Amino acid sequence: MKFSKESRCQFFSSAALAASLVFTGTLLPATAAGPSVYGKQLVQTIDVPPDALAKFAFFQASNKGGGTGLLVDSEDWRAPEQKFATSGNPYTLVVKVQGTVVADGDATTIWQTGWSQDGSTRYGRLPAIGTTGAKAGQAFSGQATAGPTSFKDDSTYSPVVGLVKASNLRIQSVQVEVWSGIGKSSWLEKLFAGLPLLTGLVFLGLAIWWRRR
């Protein structure tokens, strides 16, 4: 069976388009992160104390917060200092929030985390933690991370969590997890990591087939 020159061009154009979609990530579905993806070892679990939760509530009620970038107004809480070794790099802070929806509708909280040393803090903004279309009185729980951080030297740092903004949610508990090391990849991440190699093999096979015709 022979193909016309026009048909062969259309075939290779379609193959190139499919490959480009893979490389640009258009075909990747959004996946929810499980605890295993945050790190190799859970170093510490910290419960934000009641007095800090009260400050969060006052900050929320005063309608403060918002802004853009990392230089925003926030109500911060610093955990006790702890020594972190470079052998455990990278370190990841995970914020877990529990609360109750106040009124029907969307409920949203925005947080930032960081590492404090000698009065200076390096911040990272988290994706919003919230829900949509909730009912009044509905229980809520969610979590997010700003990603991993690596330290240049063994030193003492304080994990920091800061409330940037909250709406329509009565915050009842906040927990910070400290993870060490590189987290495990999900099966989807492993699958898509091998797609470039698979695509290359497909094109190699097509090239061999083309030359044999």
Matching residues in the stretch 103-127 (closer than 14 Å to Ser141 by Cα and open to solvent by 70 Å² or more (accessible area, probe 1.4 Å)) number 1
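Residues checked against (1) outside any helix (DSSP H, G or I); (2) modelled with pLDDT of 75 or more:
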site	(1), (2)
Gln175	yes, yes
Val178	yes, yes
Lys184	yes, no
Leu188	no, no
Phe192	no, no
Pro196	no, no
Gly200	no, no
Leu206	no, yes
Arg211	no, yes
Anything in the stretch 136-165 that is open to solvent by 50 Å² or more (accessible area, probe 1.4 Å), farther than 27 Å from Thr86 by Cβ and part of a strand (DSSP E or B)? List them, or say none.
Ala139, Ser141, Lys165
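The values are calculated or read from the model by the stated rules, or taken from the named source; none is laboratory data. Everything numeric here is computed off the predicted structure, so don't read it as measured data. Don't worry about glycine lacking a Cβ; one is built from the backbone with ideal geometry, like all the others, and counts go over all protein chains shown. Accessible surface is based on the protein model in full, side chains and every heavy atom, while ligands, DNA and RNA are left aside. Shrake-Rupley method; radii C 1.70, N 1.55, O 1.52, S 1.80 Å.
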